[in-house]
Amino acid sequence: MYFCGMNIEHFLSSSLSPIINELFGLTTNPNDIILQKTKKEFEGDYTLVTFPYIKAAKATPEKTGELIGEQLLKHHSSVTQFNVVKGFLNFSLSNDFWLTEYKSISQMSNYGIKEANSSGKQIMLEYSSPNTNKPLHLGHVRNNLLGYSVATIIKTQGHEVIKVNLVNDRGIHICKSMIAWKLFGNGETPQSTGMKGDHLVGKYYVEFDKAYKKEIQTLIDGGATKEEAEKQAPIMLQTQEMLLKWEANDPDTIDLWKMMNGWVYDGFGVSYKKLGVDFDKMYYESNTYLLGKEVVQEGLTKGIFYKKDNGSICIDLTNEGLDEKVVLRSDGTSVYITQDMGTAIERFKEFPKINQMIYTVGNEQDYHFKVLFKILAKLGYSWANECYHLSYGMVELPEGKMKSREGTVVDADDLMDGMVATAKETTKELGKVEGFTTEELETLYQTIGMGALKYFILKVDPKKKMLFDPKESIDFNGHTGPFIQYTHARIKSILRKFEGNLQSILISDHITLHEKEKELIKLQYEFPYILEESAKTFNPAVVANYIYELTKLFNQFYNECPVLKEENNTIKEFRIKLIDSTASIIKNGMTCLGIDVPERM
RNA sequence: GGUCCCGUAGCUCAGCUGGAUAGAGCAACAGCCUUCUAAGCUGUGGGCCAUUGGUUCGAAUCCAAUCGGGAUCACCA
């Protein structure tokens, strides 16, 4: 049940409230009156549920509906008829009403999208945040697509968005890849192996794990307990030593670190480009991991934190329904949340104008962010309330959760390449691409393959975990990206064949709308409210599902109403306009999802 | 065990700020290409909306309990 657009809703509600008040002696105001779109099985455009008024009316729901309906009909020329079924008052708006509405829609360029303006907010949105020890996998894909899409959707509301990426480029896990490469790498480089840099480094992350496990087994066979073995394995000791060297700025270690991270960044760059995502600013944990310590001191003097006997510094959140949380280790070093506190404070200093900070991070960290925001609020940062954890569900495989070390991951590059390859195959099979240059074809395969993948992921509510079965490849028919892209191409094909001048078409006042035309107008009318809703809830699936509905409706229209073959020129020109604005909403909606739509396919 | 999230068609998902007979896609079956792109359209079958109670004129939707699944509760990140 959607709010039916603001203008119409407001217009109707404000017409209805005096009627209801006068009839039944109530004092409702227009905002209290809830209208809904009339269900398909019934005659009418909008529906008012009369149950709330039957007491005051001292009448049956049917009678109440009749009374309101009669008044509405009498006072409003746009309302042409009504009917009452049980407690539901359905009324219809006139042909002219919809036609007039459509005229104003068709005159707007980028209907529903607000330009950045001075009243808009400045919002920082963090997403992606990869580790530099392994390539991206399907989970990262969801994060990246979601973050990028939400940023784009927020921009349509006239806000400025600063997209940031906080790269986890240091720590023990990075050292693992480094040690393994040093021990077993024989000087391999992306150049010498032809491997993508992130994959090469990832290979050594796996190598580390193999060697580590082998050493543990040897130690256990020699009589050690599992716990002892895990601590004493030489490769682990070497890794810990390397981390200390890194923190001490040992030149050789830093050089190795820079070299291998460089490989990873080259690899990520390629993946990001394929994904079509970008960032306005990069943050690196190697620069931020020491932040937050002073704040801990500050909190200590304010009495928000306290020192335990063992020297660690904590905060007690048990009154808030949370636990006690360590914010500084007894050896004085930071924990995860210390950095996050410091980084947040730093960002608000660096960008004093930001009104909101959004973190795109998986729902496994729900608790962490609850604690983080609570601590920031306690420290007295008023903007703590404007921090938001854009939490999304895990992507699960049929066998369960993905685990990097166990090799049960779907690699992002493999996945994307596979989708593009399937797109190529399917396109060739259908054979509709005569006259494309080789370059255009490559772009098209890319567009379709990535469109399928992106739509597949973004059409589901981010909050929910989603299942991905690699064996059942992503579909190109039905509720999919390619279906929407195809429809767009179809419209564009008609527009290319139209011989008149699209810009100069004036919509006649004397058109009797076909049922499907009216439905198309009604649905187009909703687009701005869909964007609003989607931005407000940080949910691209709202846009995705809307665009699908619009597309499906267009295809029904396409099957019932000829455009170019329509003999009545007035109607033909109107239809040209109608499909043109449909195409542009499809395009703009898909852009919100980071999906391109081709002119031909 | 505490806290949080989730259970809708065989499968993947909409609908959830309470409203009419719970919707799509995939899969299955049956139709539609001398007509603007069939990656399309039309139709058929498929549901105790996990269960039980409660609130309400009205519950898939709100509340509680139960069952089932997941996450989290580190001086890891």
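Sorting the segments A:337-346, A:443-452, A:362-371 by their residues' average number of neighbouring beta-carbon atoms within 10 angstrom, most packed first, yields A:443-452, A:337-346, A:362-371. A cut-off under 12 angstrom between Cβ atoms defines the neighbours of A:Glu566, and their net charge, with Lys, Arg +1 and Asp, Glu -1, is -1. With both labels modelled 7 Å from their Cα along Cα-to-Cβ, the A:Glu294 to A:Ser104 distance reads 5.4 nm.
Kirkwood Rh over alpha-carbon pairs of segment A:525-593, then Stokes-Einstein at 4 °C and 1.567 mPa s: what D in µm² s⁻¹, rounded to an integer? Answer from the Stokes-Einstein relation: 99 µm²/s. Each 10 Å bin from zero up to the one holding the largest Cα-Cα distance in chain A carries the following percent of pairs: 3, 13, 19, 22, 18, 12, 8, 4, 1, 0. Tell me the Kirkwood radius of segment A:60-119: reciprocal of the mean inverse pair distance over distinct alpha-carbon atoms, in Å. When all Cα pairs of segment A:60-119 are included, the Kirkwood radius is 14.0 Å. Put simply, the C-alpha atoms of segment A:370-492 give a gyration tensor, and the ellipsoid matching it has half-axes of 38, 20, 13 Å, longest first. Working from Cα pairs under 8 Å separated by at least six residues, relative contact order for segment A:6-93 is 28 percent. Which aspartates and glutamates, on any chain, are close to A:Lys459 with Cα under 14 Å apart, when same-chain ones fewer than 8 places away are left out? List returned: A:Asp475, A:Glu549. Placing unit charges on the Cβ atoms only, positive for Lys and Arg and negative for Asp and Glu, gives segment A:171-271 a dipole magnitude near 240 debye about its Cα centre. If you plug the beta carbon distance of A:Met282 and A:Glu434 into 1/(1 + (r/R0)^6) with R0 = 45 Å, you get a FRET efficiency near 0.55. For the residue pairs A:Lys114/A:Lys454; A:Lys226/A:Lys374; A:Lys203/A:Lys587, the C-alpha atoms sit more than 28 angstrom apart in A:Lys226/A:Lys374; A:Lys203/A:Lys587. Note on chain A: antiparallel DSSP beta bridges, both residues inside, total approximately 50 percent of the bridges counted.
Any read-out appearing in this document is the output of simple, stated calculations on the displayed coordinates, not a laboratory observation. Keep in mind that this is a model prediction, so the values were computed, not measured. Cβ atoms come from the backbone with ideal geometry, glycine included; neighbour counts cover every protein chain shown.
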